[in-house]
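**Q** Structure below; questions to follow.
The values are calculated or read from the model by the stated rules, or taken from the named source; none is laboratory data. Remember, predicted model here, so these are calculated numbers, not experimental data. Note that each Cβ is placed from the backbone with ideal geometry, even for glycine, and that neighbours are counted across all protein chains shown.
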Amino acid sequence: MSDSQPLWQPSSDAATDSFVARLMTRHGFATYQELHRWSVSEVAAFWSGAWDDAKIIGDKGADFYQAGSDFISSKFFVNAKLNTGENILARSKSALPDEIAVISIQENGDRKTLTWHALYREVSRVIAALKDEGIESGDRIVAWTPNLIEVLIYGIAGLSIGAIVSTSSQDFAPSAVLDRFGQIEPKILLAADAYSYGGKSFDCMKRLKEIEKLLPTLFRIVVIQTRSEATSFEPSSKYRNWNDWVTLRSTSKIEFEKFDFDHPGFILFSSGTTGKPKCITHSAAGILLKLAVEHRYHFDITPKDRVLFFTTCGWMMWNWILYLLAAGSSIIIYEGSPLYPGLDRLFHMASEEEATILGLSAKLIDLAKKEGLSPIGRFDYSLLRTIVSTGSVLSPEGFDYVYSNIKKDLHLVSMSGGTDICGCFLIGVATLPVFRGELQGECLGMATDVFDDQGRTAATDVKGELVCTQPFPSKPIGFWGDKNHEKYYSAYFEAYKGIWTHGDFASKSKHGGYTLYGRSDATLNSRGVRIGTAEIYRVVETFPQVGEAMAVSQDWDDDTRIVLFLVMKEELTANLMKKIKDSLRREASSRHVPDLIIAAPELPRTKSNKLVELAVTDIINGRTVRNRDALANPEALDWFATCEELRR
């Protein structure tokens with residue numbers, strides 16, 4: 001199909017009865033673009049209305065937006081008082097006794113459910129446990145865990161008493177845990193005795209002992225039992241079994257203390273691949289309002305929905321899923337490998353659990369396409385109305401695959417945002433068509449744009465930096481320990497003064513959408529022209545002989561050259577290299593053709609499965625790679641340091 005023809009058109013119902021359509025009608029706008037312009041020009045009115053539409057519990061006060069002297073100092077809802085935990089649990093007041101809030105599925109097939117009433121009771125127990133431990137507003141409580149129900153309960157309980165919650169995946173090494181949690185001095189750590197991945201069980205108790213020594217501020221370590229035999233601990237130790245710590249406590253009505261809108265609720269961490277991870281401190285209420293806009297206006301989420309989105313506790317999508325409960329939706333969480341026992345695990349699960357929304361990484365979609373997986377006709381997707389892709393750039397061929405091999409009539413949402421904002425800049429729009437390779441539009445309330453090298457709005461199809469020109473409620477409160485906002489400023493505002501620069505290489509399309517080309521900090525410079533790495537990958541990874549690709553720049557002969565590393569399924573022959581170069585020249589441009597193509601045994605990636613181009617760039621240029629422990633497979637870098645072909 002031509003790129004000028006949409007892959008999907010909204011139904012007449014979506015065009016008139018979706019939340020965003022009703023919002024357009026209410027304010028008298030004929031197009032989404034008009035609505036978006038209003039949402040970023042009338043900042044106070046938009047966010048105040050979003051608060052009302054989401055039925056947020058609390059007092060929003062009278063001062064909805066206070067413009068500061070710069071992006072960082074601007075404030076939202078300066079007189080507001082609310083409790084985020086109360087809002088997350090709001091549906092427990094009206095839900096029927098058997099209505100399910102959370103479904104938890106583990107790799108071995110174990111399945112648990114938690115009703116809304118049970119979720120409320122368990123949160124009340126954990127609140128009692130935290131208070132008995134002396135945890136107060138502003139204290140940091142952390143989790144080093146697989147994606148289990150207990151972590152959700154723990155997080156909601158922490159938010160309910162004003163504690164600051166921080167989570168990480170349990171495959172992080174002790175030194176990587178220290179790099180993150182060591183900066184914020186937590187008092188309580190939640191962990192599990194083991195986790196499963198790829199059919200194997202990994203014991204965590206030895207590493208937990210190491211972490212205990214590295215984090216001297218901990219006075220309690222709570223262990224979730226995942227194995228059949230319970231782990232017992234001496235009463236005099238720091239350790240408690242979750243069941244002993246929680247379930248023997250009585251339940252009671254939760255008294256939700258009200259906090260300021262800017263009260264910190266979460267600390268999220270940057271990937272740590274370019275230095276010690278930044279501790280990005282977020283307002284719990286700021287995320288609540290930002291995600292209420294995304295969930296309601298952009299995904300039409302209601303209490304009738306069931307959302308399955310694969311994530312770990314170390315990715316901001318865990319927070320995104322947690323806040324779905326505030327919309328009254330049921331959530332399905334999965335702990336384990338998304339590829340075990342087969343590539344169709346999540347596709348099968350979405351059918352079995354009657355998911356209405358399925359979230360997948362772009363990498364998983366590309367892998368399913370490459371392996372020829374075709375769920376269409378195999379699984380019942382009669383209730384599935386939306387597939388969400390994020391984590392990296394979804395290629396145009398990935399769009400084709402979804403509509404050809406998963407379901408023809410659904411809303412495919414390729415969205416982009418990040419840990420930095422715990423939400424999206426670019427997202428789906430229920431009233432607009434989907435074009436292959438394009439993100440549909442800007443999220444409401446986000447003044448998203450693309451700037452050229454001169455700091456001006458780029459013309460259509462001109463590549464530049466993705467920016468945001470106005471503040472929004474989920475902007476970080478700051479970075480933990482960054483008293484003068486020096487790290488905060490340098491992270492986002494150095495390229496264009498006063499303008500948030502997100503680090504994505506993008507362009508606007510003639511359809512009003514956006515195309516992403518990868519991270520701008522990994523952008524290649526080929527004979528004076530900026531090249532996005534995703535432009536190379538979308539061509540190269542169509543070759544069935546290629547497993548994965550990574551393109552980086554190497555300093556060479558007083559200039560730079562592009563080196564393309566390939567993980568191969570078959571031998572990399574001279575004939576195949578010629579075909580790859582010819583294809584890049586034909587389907588991209590001569591500037592996209594690498595100077596070298598080299599077969600690599602493995603490519604380094606983060607814990608959230610993103611390729612780490614900067615680490616490889618550093619190592620092949622003789623620079624020190626910082627924070628190897630932030631990688632899921634740091635040993636993969638050793639091969640690049642000794643690769644002889646790079647020295648010829």
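**Q** Pick from Ser69, Ser39, Ser74, Ser137: which is at pLDDT below 95, closer than 30 Å to Ser490 by Cα and not aromatic (Phe, Trp, Tyr)?
**A** Only one candidate qualifies: Ser69.
**Q** Please pick out the residue among Thr281, Thr302 that is free of Cβ contacts under 8 Å to residues at least 40 places away in the same chain and at negative phi.
**A** Selected residue: Thr302, the only one of Thr281, Thr302 that is free of Cβ contacts under 8 Å to residues at least 40 places away in the same chain and at negative phi.
**Q** Kindly check whether there is at least one residue in segment 553-569 that is touching a residue at least 60 places away in the same chain (Cβ under 8 Å), closer than 27 Å to Lys278 by Cβ and within 28 Å of the chain's Cα centre (by Cα).
**A** yes
**Q** Could you identify the single residue in Thr31, Thr16, Thr84 that is closer than 28 Å to Ala284 by Cβ and of a type in the set (Ser, Thr, Tyr)?
**A** When all the criteria are applied, what remains is Thr84.
Every residue, every condition in (1) of a type in the set (Phe, Trp, Tyr); (2) more than 30 Å from Lys487 (Cα to Cα), yes or no:
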| position | (1), (2) |
| --- | --- |
| Glu210 | no, no |
| Val223 | no, yes |
| Arg240 | no, yes |
| Arg249 | no, yes |
| Phe259 | yes, no |
| Ser283 | no, no |
| His298 | no, yes |
| Thr302 | no, yes |
| Met316 | no, no |
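**Q** A further question follows. Residues Asp59, Asp98, Asp53: which one is in contact with a helix residue (DSSP H, G or I) (Cβ under 7 Å, 6 or more places away or on another chain), acidic (Asp, Glu) and modelled with pLDDT of 95 or more?
**A** Asp53
**Q** Has segment 13-23 got at least one residue that is closer than 24 Å to Gly498 by Cα, surrounded by fewer than 20 Cβ atoms within 10 Å (Cβ to Cβ) and small (Gly, Ala, Ser)?
**A** no
**Q** Of everything in segment 570-620, what is out of contact with any strand residue (DSSP E or B) (no Cβ under 8 Å at 6 or more places or on another chain), among the β-branched types (Val, Ile, Thr) and in a helix (DSSP H, G or I)? Give them in sequence order.
**A** Correct list: Ile619 only.
**Q** Which one of these is surrounded by fewer than 16 Cβ atoms within 10 Å (Cβ to Cβ), more than 30 Å from Gly182 (Cβ to Cβ) and modelled with pLDDT of 95 or more: Lys569, Lys579, Lys508, Lys497?
**A** Being surrounded by fewer than 16 Cβ atoms within 10 Å (Cβ to Cβ), more than 30 Å from Gly182 (Cβ to Cβ) and modelled with pLDDT of 95 or more holds for just one of Lys569, Lys579, Lys508, Lys497, which is Lys579.
**Q** Could you list, in sequence order, all residues of segment 24-71 that are of a type in the set (S, T, N, Q) and surrounded by fewer than 16 Cβ atoms within 10 Å (Cβ to Cβ)?
**A** The answer is Thr25, Thr31, Gln33, Ser41, Gln66, Ser69.
**Q** Right, next: Which condition from (1) in contact with a Ser or Thr (Cβ under 7 Å, 6 or more places away or on another chain); (2) more than 26 Å from Lys112 (Cα to Cα) is the one that Ile357 breaks?
**A** So Ile357 meets the others, but not (2).
**Q** Could you check segment 407-436 and list, in sequence order, the residues that are out of contact with any helix residue (DSSP H, G or I) (no Cβ under 7 Å at 6 or more places or on another chain) and within 15 Å of Arg385 (Cα to Cα)?
**A** Lys407, Lys408, Asp409, Leu410, His411, Val413, Ser414, Pro433, Val434
**Q** May I pose another question? Would you mind stating whether Ala326 is in contact (Cβ under 8 Å) with a residue 60 or more places away in the chain, out of contact with any strand residue (DSSP E or B) (no Cβ under 8 Å at 6 or more places or on another chain), of a type outside the set (D, E, K, R) and under 30 Å from Asp110 (Cα atoms)?
**A** yes
**Q** Which residues, counting only those in segment 102-160, are under 24 Å from Phe172 (Cβ atoms), of a type in the set (A, V, I, L, M) and outside any strand (DSSP E or B)?
**A** Scanning segment 102-160 gives Val126, Leu130, Ile135, Leu148, Ile149, Val151, Leu152, Ile153, Ile156, Ala157, Leu159.
**Q** Within segment 278-296, does at least one residue satisfy the condition of being at pLDDT below 95, basic (Lys, Arg), closer than 29 Å to Thr606 by Cα and in a loop (DSSP other than H, G, I, E, B)?
**A** Yes, because at least one residue in segment 278-296 is at pLDDT below 95, basic (Lys, Arg), closer than 29 Å to Thr606 by Cα and in a loop (DSSP other than H, G, I, E, B).
**Q** Looking at Ala327, Ala350, can you tell me which residue is buried (at least 19 other Cβ atoms within 10 Å of the Cβ), modelled with pLDDT of 95 or more and in the same structural domain as Ala292 (by TED's automatic domain parsing)?
**A** The match here is Ala327.
**Q** Kindly indicate the residue of segment 424-480 that is assigned to a strand (DSSP E or B) and among the polar types (S, T, N, Q) and also nearest to the chain's Cα centre (by Cα) among those meeting that condition.
**A** Thr448
**Q** Identify, from the list Asp262, Asp244, the residue that is of a type in the set (D, E, K, R), within 28 Å of the chain's Cα centre (by Cα) and surrounded by fewer than 22 Cβ atoms within 10 Å (Cβ to Cβ).
**A** Sole residue among the options that is of a type in the set (D, E, K, R), within 28 Å of the chain's Cα centre (by Cα) and surrounded by fewer than 22 Cβ atoms within 10 Å (Cβ to Cβ): Asp262.
Condition check ((1) free of Cβ contacts under 8 Å to residues at least 60 places away in the same chain; (2) surrounded by 13 or more Cβ atoms within 10 Å (Cβ to Cβ)) across all residues:
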position	(1), (2)
Tyr197	no, yes
Lys200	yes, no
Lys213	yes, no
Leu218	yes, yes
Ser228	yes, no
